[in-house]
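**Q** Once you've had a glance at the structure underneath, I'll fire off some questions.
The values are calculated or read from the model by the stated rules, or taken from the named source; none is laboratory data. As the structure is a computational prediction, the values presented were derived from the model and not from experiment. Glycine also receives a Cβ, built like all others from the backbone with ideal geometry; neighbour counts cover every protein chain displayed. Areas reflect the complete protein model, heavy atoms only, side chains present, ligands, DNA and RNA absent. Shrake-Rupley method; radii C 1.70, N 1.55, O 1.52, S 1.80 Å.
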Amino acid sequence: MTASPRDIRPVTETAPFPAARPRRLRRTAGLRRLVAGTRLHPAELILPMFVKEGIAGPQPVGSMPGVVQHTRESLRKAAHEAAEAGVGGIILFGVPEQKDARGSAADDPEGIVQVALRDLVSDIGDSLVVMTDTCLDEYTDHGHCGLLTESGEVDNDATLERYASAAVAQAEAGSQVIAPSGMMDGQVGAIREALDANGFAEIPILAYSAKYASAFYGPFRDAAECAPQFGDRSAYQQDPAGPVGEALREVRLDLAEGADAVMVKPALAYLDILRQVRDLVEVPVAAYQVSGEYAMIEAAAANGWIDRDRAIMESLIAIRRAGADLILTYWATEVARRLS
């Protein structure tokens with residue numbers, strides 16, 4: 001007679017020592033590989049890349065050793081290297097020469113991201129997925145993620161129109177995934193409606209659903225040249241000490257508005273949130289290993305305080321184990337080569 005599921009009980013105890021020896025399965029590298037419960041694959045990695053207008057050569061980012069602001073040509077070369085390593089995708093951030101209060105370069109057909117997108121789509125086709133960050137902070141002269149009211153607050157609803165326009169411009173230039181990161185209420189719905197109305201119903205949205213007002217973004221703001229000129233982003237990004245349910249509510253709202261995948265950002269300081277999101281949804285879940293996480297490991301390794309390669313892999317395994325299907329990491333190409 002076959003037992004019903006309710007009759008099956010999990011085994012919670014094993015034989016006592018010395019019959020039970022967990023170390024048996026850790027004894028050799030081969031055994032550890034055989035029973036590994038968490039694995040990384042290059043196709044799960046996404047490489048964030050910065051492309052800057054008006055520079056003659058790649059510009060190193062001082063707070064992120066090994067990361068550069070690319071020219072169009074160096075971006076193409078780095079994208080080819082990522083594709084050859086087996087990286088699953090890249091996500092573009094643009095740094096225009098001219099910034100203004102409305103972030104005009106964000107939806108300009110000749111804006112740096114749109115031009116770079118056309119280069120990449122022409123070069124690499126479907127070798128990897130080319131995604132775009134959809135926000136305004138890289139493009140505004142005040143460094144905030146949206147349009148401002150006269151009193152200096154970010155105007156949520158007016159900003160939605162700018163996001164929608166930027167998303168359509170990116171899709172027209174060849175972006176294969178739109179990733180809104182500004183944490184405006186209703187941003188996914190506004191972008192979905194605009195994409196559908198302009199013939200891009202097939203373009204998926206990867207929503208930055210649980211994005212926290214984190215201290216770990218500092219080096220990114222050097223790379224994207226987008227530090228706020230006043231105040232901070234606490235009024236629209238989530239509070240690190242806020243209620244846990246807020247993140248799950250944001251995820252539900254984004255899915256209801258048409259998100260195809262969701263993201264938690266940062267990764268390592270929010271593994272608990274990542275796990276809860278993974279348990280909640282049936283769509284792909286991404287996690288962003290942000291610039292501060294990258295910079296801390298690189299700095300500690302440069303001082304000889306930690307083993308760089310092991311720390312990189314351990315951090316990525318932790319993010320994967322917590323539930324991420326996709327990981328945005330500045331080490332994507334390096335790690336993909338190592339895994340291959």
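**Q** With N set to the residue count of region 201-340, report its C-alpha Rg divided by 2.2 N^0.38 Å to two decimal places.
**A** It is 1.09.
**Q** Let me check against my output: what whole-number percent is the relative contact order of the chain, with C-alpha pairs under 8 Å and at least 6 apart?
**A** Relative contact order comes out at 18 percent.
**Q** Give the percent of DSSP beta bridges with both residues in region 185-331 that are antiparallel, rounded to the nearest 5.
**A** Percent antiparallel among DSSP bridges in region 185-331 is about 0.
**Q** Using a 1.4 Å probe, how large is the accessible area of LYS99, given in Å² and rounded to the nearest 10?
**A** Around 60 Å² of this residue is reachable by solvent.
**Q** How big is region 1-146 on each of its three principal axes, counting only the C-alpha atoms and giving the largest first in Å?
**A** Sorted from largest, the Cα extents of region 1-146 read 71, 36, 32 Å.
**Q** While we're on this one: Where does helix 112-124 land angle-wise versus the long Cα axis of the chain, in degrees 0 to 90, nearest 10?
**A** Approximately 50 degrees, to the nearest 10.
**Q** Continuing with this model, one more query. Would you rank ILE178, ILE55 by solvent-accessible area, highest first, keeping every protein chain in place and using a 1.4 Å probe?
**A** ILE55, ILE178
**Q** Under a 5 Å amide H to amide H cut-off, with H placed in plane at 1.01 Å, what residues pair with VAL290 once short-range neighbours are removed?
**A** Sorted by chain and number, the residues that satisfy this are ALA267, LEU268.
**Q** Still on this structure, please answer the following. Report the antiparallel proportion of the DSSP beta bridges in the chain as a percent, rounded to a multiple of 5.
**A** 10 percent
**Q** Per 10 Å bin, what percent of the C-alpha pairs of region 62-202 does each bin hold, from zero upward?
**A** 12, 41, 34, 12, 1
**Q** Which loop-located chymotrypsin sites (Phe, Trp or Tyr not before Pro) does region 161-241 contain, where loop means any DSSP state but H, G, I, E or B and the Cβ has at most 10 other Cβ atoms within 10 Å?
**A** Of the chymotrypsin sites (Phe, Trp or Tyr not before Pro), the ones in loops of region 161-241 whose Cβ has at most 10 other Cβ atoms within 10 Å are PHE230.
**Q** Okay, next question. Calculated FRET efficiency, SER122 and LEU31, Cβ-Cβ r, R0 45 Å, to nearest 0.05?
**A** Efficiency computed from Cβ-Cβ geometry: 0.45.
**Q** Over the alpha-carbon set of region 142-285, divide Rg by the Kirkwood Rh and report the Rg/Rh ratio to two decimals.
**A** In region 142-285, Rg relative to Rh is 0.95.
**Q** Can you give me the angle between helix 156-173 and the longest principal axis of the chain, using Cα atoms only, in degrees from 0 to 90, rounded to the nearest 10?
**A** For helix 156-173, the angle is close to 80 degrees.
**Q** Continuing with this model, one more query. Mind checking the angle between helix 291-302 and the chain's longest principal axis? C-alpha axes, 0 to 90 degrees, to the nearest 10.
**A** Approximately 60 degrees, to the nearest ten.
**Q** Now for a separate question. Any number yet on Rg/Rh for region 60-132, C-alpha, Kirkwood?
**A** 0.99
**Q** Taking a cut-off of 29 Å between Cα atoms, list the lysines near LYS77, but don't count ones fewer than 8 places away on the same chain.
**A** Hits, sequence-local ones excluded: LYS52, LYS99, LYS265.
**Q** Here is a further query. Show that you can apply the helix-only estimate: for the chain, add -39,500 (n - 2.57) for every DSSP H stretch of four or more residues, divide by all residues, and state [θ] at 222 nm to the nearest 500.
**A** -11500 deg cm²/dmol
**Q** Can you bin every Cα-Cα distance in the chain into 10 Å intervals starting at zero and give me the percent of pairs per bin, rounded to whole numbers?
**A** Spelled out bin by bin, the chain gives 5, 24, 34, 22, 8, 5, 2, 0 percent.
**Q** List, in order, the whole-Hz ³J(HN,Hα) value for each residue of region 229-242 obtained from phi through the Karplus relation with A = 6.51, B = -1.76, C = 1.60 and θ = phi - 60°; use x for Gly and Pro.
**A** These are the phi-based 3J(HN,Hα) values: 7, 7, x, 9, 10, 5, 7, 10, 7, 6, 6, x, 9, x Hz.
**Q** Ok, one more. On the Cα set of region 272-340, report Rg and Dmax in Å, please.
**A** Final numbers for Rg and Dmax: 13.1, 42 Å.
**Q** Dipole magnitude of region 255-298 about its Cα centre, charges +1 at Lys/Arg Cβ and -1 at Asp/Glu Cβ only, in debye to the nearest 20?
**A** 80 debye
**Q** I'd like the antiparallel share, as a percent to the nearest 5, of DSSP beta bridges with both residues in region 74-222.
**A** Bridges in region 74-222 that DSSP calls antiparallel: roughly 10 percent.
**Q** If each residue of separation counts as 0.36 nm, what is the full-extension length gain between ASP157 and GLU193 once their alpha-carbon separation is subtracted?
**A** So the chain would gain 11.5 nm between ASP157 and GLU193.
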